[in-house]
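Participant: What follows is a structure written as structure tokens; I'll ask about it next.
The values are calculated or read from the model by the stated rules, or taken from the named source; none is laboratory data. Predicted model only: the values in this text are computed from it and were never measured. Please note: Cβ atoms are built from the backbone with ideal geometry, for glycine as well, and neighbour counts cover all protein chains shown.
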Amino acid sequence: MAVQAGKDLLIKIDQTGDGMFETIAGLRATRAAFNAETVDVTSLESAGGWRELLAGAGVKSAAISGSGVFRDANTDERARQIFFDGEIPDFQVVIPDFGVIEGPFQITALEYAGSHNGEATYEVTLASAGVLTFTAL
């Protein structure tokens, strides 16, 4: 895989529930993290005293975050609405030359900042809220 530009990692939101995704505008930095908890089934009978894990068990989760500047009133307004209404719409995370992660996410944090001699910025954090799918690119 060739080196990819960070700007190509995109967070997209289903604006209206029709399955059409729009990139959240103004993001300068994005991050995606995937986790799977383990279920330890080690016992006194475990071979050589090595830990044993139960395959397919545990909770899977994903956390997505991004930060940037205000660029598009539609996606900014929609993110605020989702947060304050407690909605859980579908999002897409496009990871260049890897694939697309899609599924329901809840906006768990929405932060705003600014300084007197700089632009207003925001940060958004998403937590997976259901089954995610992966489509290879």
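Participant: Condition first: among the charged types (D, E, K, R) and touching a residue at least 24 places away in the same chain (Cβ under 8 Å). Can you find one or more residues in the range 56-64 that meet it? Walk me through how you get there before you give the answer.
Facilitator: First, the residues of the range 56-64 that are among the charged types (D, E, K, R): 60.
Those still in the list that are touching a residue at least 24 places away in the same chain (Cβ under 8 Å) too: 60.
Within the range 56-64, one or more residues are among the charged types (D, E, K, R) and touching a residue at least 24 places away in the same chain (Cβ under 8 Å).
Here's the yes/no breakdown for (1) under 17 Å from the mean Cα position of the chain (by Cα); (2) more than 17 Å from Gly130 (Cβ to Cβ):
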| site | (1), (2) |
| --- | --- |
| Thr30 | yes, yes |
| Glu37 | no, no |
| Leu44 | no, yes |
| Glu52 | no, yes |
| Ser61 | yes, no |
| Phe70 | no, yes |
| Glu87 | yes, no |
| Tyr112 | no, yes |
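Participant: Kindly evaluate Gly48 against the criterion of being modelled with pLDDT of 90 or more and out of contact with any Phe, Trp or Tyr (no Cβ under 9 Å at 6 or more places or on another chain). Write out each step before concluding.
Facilitator: Numbers: modelled with pLDDT of 90 or more: yes; out of contact with any Phe, Trp or Tyr (no Cβ under 9 Å at 6 or more places or on another chain): yes.
Answer is yes for this residue.
Participant: Anything in the range 71-106 that is aliphatic (A, V, I, L, M) and either closer than 19 Å to Met20 by Cβ or modelled with pLDDT of 95 or more (or both)? List them, or say none.
Facilitator: Narrowing the range 71-106 to residues aliphatic (A, V, I, L, M): 73, 79, 82, 88, 93-95, 100-101.
Answer for the range 71-106, where residues must be aliphatic (A, V, I, L, M) and either closer than 19 Å to Met20 by Cβ or modelled with pLDDT of 95 or more (or both): Ala73, Ala79, Ile82, Ile88, Val93, Val94, Val100, Ile101.
Participant: For the range 9-48, how many residues meet the condition of being surrounded by 14 or more Cβ atoms within 10 Å (Cβ to Cβ) and aliphatic (A, V, I, L, M)?
Facilitator: Qualifying residue count, the range 9-48: 8.
Participant: Answer with yes or no whether Ser67 is of a type in the set (Gly, Ala, Ser), farther than 16 Å from Val124 by Cα and in contact with a strand residue (DSSP E or B) (Cβ under 8 Å, 6 or more places away or on another chain). First the steps, then the outcome.
Facilitator: Values: of a type in the set (Gly, Ala, Ser): yes; farther than 16 Å from Val124 by Cα: no; in contact with a strand residue (DSSP E or B) (Cβ under 8 Å, 6 or more places away or on another chain): yes.
Judged against the criteria, Ser67 is not a match.
Participant: Mind telling me which of the residues Ser61, Ser65 ends up being within 22 Å of Tyr112 (Cα to Cα) and not basic (Lys, Arg)? Talk me through it step by step, then tell me what you get.
Facilitator: Numbers: Ser61 fails: within 22 Å of Tyr112 (Cα to Cα).
None of the other options fit; the residue is Ser65.
Participant: Can I ask one more? Of the residues that make up the range 72-92, is at least one without any contact (Cβ under 8 Å) to a residue 12 or more places away in the chain and touching a Lys or Arg at 6+ places or on another chain (Cβ under 9 Å)?
Facilitator: no
Participant: May I ask you to list the residues in the range 111-126 that are loosely packed, with under 15 Cβ neighbours inside 10 Å and either small (Gly, Ala, Ser) or closer than 19 Å to Asn35 by Cα (or both)? Can you show your working first?
Facilitator: Within the range 111-126, the first condition is being loosely packed, with under 15 Cβ neighbours inside 10 Å, and the residues that meet it are 111-120.
Hits for the range 111-126 are Ala113, Gly114, Ser115, Gly118, Ala120.
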